[in-house]
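Read the structure below first, then the notes.
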């Protein structure tokens, strides 16, 4: 196992040897869109599983990256957060999936839905199961939960303006145990079909 503390593989390390950031962004956006379409095509009672999460990540990133659809094997630091050791990822993902499936099946009120959506997104990102693309994959996972509850997909931030900074600040607050800013962002986006 590599010890790459404070390092996440660069997007430039791609199978197509692309160096143009705009072109890399286009390929990544196309992959994310394909992963979202895949999620939208799933039967609403499809349970979460490790295989499903690996498949979503692979669809999103495999055109460009060798690490797509594979659990993280490197040590990383994400901002002020140090995710669990790579050797813990698989066990933590099994626990996450068990907890998530339980929460989905037992949530009946909009407040319980909100708590489950917050858990789905934050806990996935906290574990940081992949070398890269965890935030984007975590948002897809959260949106699959939203669809299961009958809500439209949530968009936690937009590229323009301050919304990305607000989202990142909300995630940093959650890292410190204060989930209210993240919960507020998610609550604002919850719209039933």
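Remarks
- The stretch 138-167, subset part of a helix (DSSP H, G or I) and more than 23 Å from residue 100 (Cβ to Cβ), residue nearest to the chain's Cα centre (by Cα): 164
- Tally, over the stretch 38-64, of residues that are in a loop (DSSP other than H, G, I, E, B) and over 17 Å from residue 123 (Cβ atoms): 8
- Among the residues of the stretch 65-87, the ones that are loosely packed, with under 14 Cβ neighbours inside 10 Å, modelled with pLDDT of 95 or more and closer than 25 Å to residue 145 by Cβ come to 0 in all.
- Members of the stretch 177-193 that are more than 17 Å from the chain's Cα centre (by Cα) and either assigned to a helix (DSSP H, G or I) or on the phi > 0 side of the Ramachandran plot (or both): 177, 180, 181, 184, 187, 188
- Of all residues making up the stretch 133-148, the number that are within 12 Å of residue 53 (Cβ to Cβ) and either touching a residue at least 24 places away in the same chain (Cβ under 8 Å) or surrounded by fewer than 23 Cβ atoms within 10 Å (Cβ to Cβ) (or both): 6
- Listed conditions (1) under 19 Å from residue 101 (Cα atoms); (2) free of Cβ contacts under 8 Å to residues at least 60 places away in the same chain; (3) over 12 Å from the mean Cα position of the chain (by Cα); (4) surrounded by 16 or more Cβ atoms within 10 Å (Cβ to Cβ) are all met by residue 174, apart from (1).
One line per residue, one yes/no per condition, for (1) modelled with pLDDT of 95 or more; (2) closer than 23 Å to residue 28 by Cβ:
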| residue | (1), (2) |
| --- | --- |
| 103 | yes, no |
| 111 | yes, no |
| 116 | yes, no |
| 120 | yes, yes |
| 160 | no, yes |
| 191 | yes, no |
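- The requirement of being surrounded by fewer than 20 Cβ atoms within 10 Å (Cβ to Cβ), farther than 26 Å from residue 50 by Cα and touching a helix residue (DSSP H, G or I) at 6+ places or on another chain (Cβ under 7 Å) is fulfilled somewhere in the stretch 149-163, by at least one residue.
- Within the stretch 47-58, restricting attention to residues that are closer than 15 Å to residue 135 by Cα and in contact with a helix residue (DSSP H, G or I) (Cβ under 8 Å, 6 or more places away or on another chain), the residue that is surrounded by the most Cβ atoms within 10 Å (Cβ to Cβ) is 57.
- Here 121, 113 are screened, and the one residue that is assigned to a helix (DSSP H, G or I), on the phi < 0 side of the Ramachandran plot, buried (at least 19 other Cβ atoms within 10 Å of the Cβ) and touching a strand residue (DSSP E or B) at 6+ places or on another chain (Cβ under 8 Å) is 113.
The values are calculated or read from the model by the stated rules, or taken from the named source; none is laboratory data. As the structure is a prediction and not an experimental result, all values here were calculated from the model. Cβ atoms come from the backbone with ideal geometry, glycine included; neighbour counts cover every protein chain shown.
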